[in-house]
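Readers should treat all values here as calculations from the given coordinates under stated rules, not as data from a laboratory. From a predicted model like this one, the values you see are computed outputs, not experimental measurements. Here the Cβ is made from the backbone with ideal geometry for all residues, glycine too, and neighbour counts use every protein chain on show.
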Amino acid sequence: MCGIIGVFNKQDAEKLVRKGMAVIKHRGKDARCVDAVNDTAAIGHLLHAVVGHVKQPILGKGLLISNCEIYNWKELNEREELDAKNDAELLLKLLDKKGVAQIKEVLEQLDGVYAFAYLFRDKLILARDIIGVKPLWFSYREGLAFASEKKALEKMGYIDIQELNPRKIVSYDIKTNNIKFIERDFFKITPTIKKKSSYVLEETKKLLIDAVRKRLPNKKLGILFSGGIDSTTLSFICKMLGKKFTCYTAVVDHPGFREPPDIVYAKRVAEKLGFELKINKIKLSNVEGYLKKVVPLIEDNNVVKVEVALTLYAACELAKKDRCKVILSGLGSEEIFAGYYRHEKSQDINKECISGLLKMYERDLYRDDVVTMANNLELRVPFLDRYLVEHALRIPAKLKLDEKQDKIILRMVAQDLGIPMKFASRKKDAAQYGSNIDKAVKKLSKKRGFGLRSEYLRQFYPSHNLNLAALISGGKDSLFAMYVMLKQNYKVGCVVTIISENPESYMFHTPNVQLVALQARAMQLPYVIEKTKGEKEEELKDLKKALAYAKKKYKIEGVITGALYSSYQRDRIEKIADSLGLKIFSPLWHIDQEYEMRQLITEGFEVIFSSVAAEGLDKSWLGRKMLQKDVDKLVELNKRIGLNVALEGGEAETLVLDCPMFKQKIVIKDAEIIMENKNTGIYKIKDAILW
């Protein structure tokens, strides 16, 4: 596992890359390199060497920085006659040979996990493995920036930061500053395997052993161990394959806590099966110290994520002390073999399995990656092996789950390998319960006077807890900006709206602005509405009055604006906010217009056009829901007549009827279209309700 980082089309790119690398320096201590591509572009790499010691960036026809484990690199190297020295160099030479146009085909050949940036002439490709074991974040704002960890981009000053969906490939044109996404297919659950259970057993066993074998390094190995079916099976296979290893786990050791059953069982299993086991026994008085490290590390104060991360971190400390280079985890078994409670309630178990796999990169994988990397360990997850997953998703549901047992097929494999039934059939607690971490956090929360653990944990990552006011007009940009900030873990304490009597206001959106009150109610947020006559510059005083009231009433610390390119609006709001001691956030600033419009639809925003005032737009646009084909038309008009694709120039106005933040949807009961001429008109809403 390594660290990659890059900045394109921004001044001081090399300086920014160095700043970001300092944040994620733990990702690679074997070599560090920064390369200035040109005056406004730079990339960096941190090497954690496991397969060879080839420094990056690697230069061929193109340029590559990668964080990869390609398990079939030797086979590909021989077949393609590439003469590569390790998996990263193989990836570069394969991309050079096949070309950017065949990027999907190249990725299909890879058996492994990866995140990489490949630069060929003016084209930059960003991609990661299909499940998302290797992390990659990016920001498409004032050029393009990317990094292995979100915190690096935050330190570099970026706000609109996204984790790259593993099912998408970024193709960025450096010369035009345009970005597009190439879609990738995910695993399928059909056709279900129709053969006998004996075949399923043998095939599952074979694929699992292969998944472990290919992940065994020539370096010192550790295994995250709980005594449950997943880690026990992995350990047993490693021993069977003749690999020396040590098992690691952690527990909070406190007189008021009994030794959890998982620890008792882990010791029993290790002794019986001949595994070396080391336990990190943490004192309750030290748990808060761990939280101060772990919560900022995983960039999340979600209770479950934090407690699992702390357990993992403590176990990894021992592996780091033993100078392990690689650590195996049983992560993924619950998803592919139906080990969660939600699988029990599902009408289609394999469909539920694939649903869980789709979410793993956000829910589990990033957390586990940054925790292990912080301890200079490369995490490897055999249960998420490509071929094992493809097979497991087609296993009949009856071989995964019944009224008595979960993960049936895995337990059958374990027994067939020689693991005693009492170990193979045992259910275990989740990591945070099996380590007493859950009890420890509850006890500390109560001791510190917090009613909820989430409130207690929030203090360890305060940068995500500013209370903000969202300047909402009712249109797409202001609500999308708010949505971006919420995804960044900021709190929105209230909505602020200015209703102008002047339909030609320089600052404020006017069509159907009265519906902001419904939008605020749909989000269950308080709202501040201030009226203004809409006189140029004078209307700013009314905005200041509204923000001052929100600061006093709702204790806001900053303001979110949906400005895209209008310096007129942003500069004035920034000046007012600064005078009130409020921070300003414009997460959409300089976002690509087409990208924003398409992203709105992708993220589930239901947007209608509420006014038009430009050539190419007519009555037919008013009141209709914005679809991808409408964005296509706007892009075409941009090329033909220069129309602003995001409509920020006043070519049209929009209204959001529904979005992920709404608890209820706005339903229009009565409206009329009023046209001034062929290309100018409004969709005037007379009556609307929440539904």
Proximal aspartates and glutamates relative to residue 533, as straight alpha-carbon distance under 16 Å, when same-chain residues fewer than 8 apart are discounted:
501, 504, 542
Where does each of 298-310, 574-586, 155-167, 188-200 land if you order them by average Cβ count within 10 Å, highest first?
298-310, 155-167, 574-586, 188-200
Cα gyration tensor of segment 642-691, axes a ≥ b ≥ c as square roots of the eigenvalues: rounded (a/c below 1.5), prolate (a/b > b/c) or oblate?
oblate
Of the listed links 239/428; 155/293; 531/625; 29/219; 104/407, those spanning more than 24 angstrom between alpha carbons are 531/625; 104/407
Compute the FRET efficiency between residue 184 and residue 533 as 1/(1 + (r/R0)^6), taking r as their Cβ-Cβ distance and R0 = 56 Å, and round to the nearest 0.05.
0.55
I need the Debye-formula profile for segment 593-691: one equal scatterer per C-alpha, no solvent, reported as log10 I(q)/I(0) at q = 0.21, 0.23 1/Å, two decimals.
-1.10, -1.24
Counting Lys and Arg as +1 and Asp and Glu as -1, what is the net charge of the other residues whose Cβ lies under 14 Å from the Cβ of residue 398?
+3
What is the sum of charges around residue 150, taking Lys and Arg as +1, Asp and Glu as -1, for the other residues whose C-beta is under 12 Å from the C-beta of residue 150?
-4
Quick one: grab the alpha carbon gyration tensor of segment 33-113, order the square roots of its eigenvalues as a ≥ b ≥ c, and give me rounded if a/c is under 1.5, else prolate or oblate depending on whether a/b is larger than b/c.
oblate
Rounded to the nearest 500, what is the 222 nm mean residue ellipticity of the chain from helices alone, with -39500 (n - 2.57) per DSSP H run of 4+ residues and division by all residues?
-11500 deg cm²/dmol
Whole-Hz Karplus ³J(HN,Hα) for segment 365-381, in order, using 6.51 cos²θ - 1.76 cosθ + 1.60 and θ = phi - 60°, x for Gly and Pro?
5, 5, 4, 5, 5, 5, 5, 5, 5, 5, 9, 6, 10, 8, 7, 10, 10
Percent of beta bridges antiparallel (DSSP, the chain, rounded to nearest 5):
70
For residue 196 and residue 549 in one chain, what is 0.36 nm times their gap in residues minus the Cα-Cα distance, to one decimal in nm?
120.0 nm
Quick calc, the chain, dipole around Cα centre from Cβ unit charges on Lys, Arg (+) and Asp, Glu (-), nearest 20 debye, gives 2800
Quick one: net charge of residue 122's neighbours, Cβ under 13 Å, K/R +1, D/E -1?
+2
Under a plain spin-label model, where a point goes 7 Å from the Cα along Cα-to-Cβ, how far apart in nm are residue 641 and residue 517?
3.6
Among (1) 18, 47, 27, 7, 0; (2) 15, 35, 23, 18, 9, 0; (3) 17, 45, 32, 6, 0, which is the computed P(r) over Cα pairs in 20 Å bins from 0, in percent?
(3)
Just subtract the alpha-carbon distance of residue 29 and residue 620 from 0.36 nm times their residue separation and send over the number in nm, one decimal.
206.8 nm
Which number do you get for Rg(Cα) / (2.2 N^0.38 Å) in segment 3-183?
0.94
Just rank 311, 561, fewest to most, by other beta-carbon atoms within 10 angstrom.
561, 311
Provide the gained length on full extension for the span residue 173 to residue 442, in nm with one decimal, where the gain is 0.36 nm per separating residue minus the Cα-Cα distance.
91.9 nm
Provide the packing ranking of 469-476, 257-264, 391-398, i.e. peptides ordered by the mean count of other C-beta atoms within 10 Å per residue, highest first.
469-476, 391-398, 257-264
Of the cross-linked pairs 267/439; 545/684; 278/446, which ones have a Cα-Cα span greater than 24 Å in the structure shown?
545/684; 278/446
Label-point separation in nm, residue 678 to residue 218, each point 7 Å along Cα→Cβ
7.5
By per-residue mean of other Cβ atoms within 10 Å, what is the highest-first order of 223-232, 136-145?
223-232, 136-145
Provide the per-residue ³J(HN,Hα) series for segment 156-168, in order, calculated from phi with Karplus coefficients 6.51, -1.76, 1.60 and θ = phi - 60°, each as a whole number of Hz, with x at glycine and proline positions.
7, x, 7, 10, 7, 10, 10, 7, 5, 4, x, 8, 10
